[in-house]
Amino acid sequence: MTYRIGIVGPGMIATSAHIPALLKDGRAEIAAVTSRTHETAQKAAERFHIPGVYTSEADMYEKEQLDLVLICVPNAYHAASVRRAFEAGVHVFCEKPPAMNAAEASLMETAAADAERHLMYGFHHRFQLETIVLKKAVDSGELGDIYHMNVQAVRRRGIPGWGSFTDKEKQGGGPLIDVGVHMLDLAAYISGFQTPVEVMGVTHQRLGRKPGVGLLGDWDPHTFSVEDFASGMIRFENGSSLVLETSYAANTAEEERLNVSFFGDEGGADTSPFRMYGEKYGALLDTTPVFLDKMEERDAYDRQLAHVLDVLDKKAAPAPASQGTYIQQLVDAFYESAATGRAVSFR
């Protein structure tokens, strides 16, 4: 079956990752694209030979018979775009984070259930080959009881010089809600979405409000309204803990560090570079997979969209939309704790 797909927001993530991934899959026909400006929509349509060009989501849904829509607009517009799609009876793939806050994410989750349509989120690190292998290892007990996780999504000078990433009104925050949310989701996905008890967070705005070297383009320090560094800790009901560090800009060695470290009573692991640590046969052993990049030509974005189409084909089960709400609740708690100077309790 060929699925008719619409694109809401043909920005960088849509044109560099999602549309190419869909075009590689014979089940996808990109039927329409919409943007607030006709020029942006027309440019994407010409590049990818998309027949339908719109500046209104409502017009697109009225004139096109779509099976799935990809929502790739700034965070502030996710909830409204998701609602419009469900009102039109269309399944939704929405870029991360789910929304601006947990209240919006919860409403989106409810809307999906009411419409009896799928709501899937763009946490593409779940679809890395290393993640797939590690998830199987953890589920089989290779690490034993995971009692602590270190989550890092740290950039040295990685403030985005394009889009609305430094605008709190449109994004809800900075690196925590943008890149940190990926690694936070990865930690939760691997460890099984443990029940949080308490969250403590701190945010800083030290480097983004002044000029500097930009490795991801130039940014305007005068309009920089998000945090450039966030850190915090989560304590879970089962006694385990998680420490998070995330930054757009920090004085550190590496250009970028995206990693989750897992500490279990039978073994440990890092996601990047992927390595597992254990004690066997009277020795300390490290396990490193080889030739993963040779096993499959598709990348994580390709596998993610193939999975979405598998869900529509009923060949795969979708991740519950509640997982997106869960991640958004943790992000909210970090920001609330940072703002109030007190830990946030989930009890």
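Consider D286 against the criteria (1) over 24 Å from V243 (Cβ atoms); (2) open to solvent by 40 Å² or more (accessible area, probe 1.4 Å); (3) among the charged types (D, E, K, R): it satisfies all of them except one. Which criterion is unmet? Going through the list (1) over 24 Å from V243 (Cβ atoms); (2) open to solvent by 40 Å² or more (accessible area, probe 1.4 Å); (3) among the charged types (D, E, K, R), D286 breaks only (1).
Beta carbons closer than 6 Å, at least 6 apart along the sequence or on distinct chains, pair a first residue in the stretch 263-275 that is within 20 Å of R126 (Cβ to Cβ) with a second that is modelled with pLDDT of 95 or more and small (G, A, S) for G264/G144; D270/S261. Pairs meeting the criteria (first residue in the stretch 218-230 and at pLDDT 95 or above and open to solvent by less than 10 Å² (accessible area, probe 1.4 Å), second residue hydroxyl-bearing (S, T, Y) and part of a loop (DSSP other than H, G, I, E, B), beta carbons under 6 Å, at least 6 apart or on different chains) are F224/T166; V226/T166; D228/Y248.
Filtering E29, E39 for residues that are in contact with a Ser or Thr (Cβ under 9 Å, 6 or more places away or on another chain) and of a type in the set (D, E) leaves a single hit, E29.
Looking only at the stretch 25-54, how many residues end up being assigned to a helix (DSSP H, G or I), of a type outside the set (S, T, N, Q) and surrounded by 15 or more Cβ atoms within 10 Å (Cβ to Cβ)?
Here the count works out to 5.
The values are calculated or read from the model by the stated rules, or taken from the named source; none is laboratory data. Only a predicted model underlies this, so the values are computations on that prediction, with no experimental measurement involved. Virtual Cβ from ideal backbone geometry, glycine too; neighbours counted across all protein chains shown. Just the protein is used for accessible areas: all its heavy atoms, side chains included, with ligands, DNA and RNA removed. Shrake-Rupley method; radii C 1.70, N 1.55, O 1.52, S 1.80 Å.
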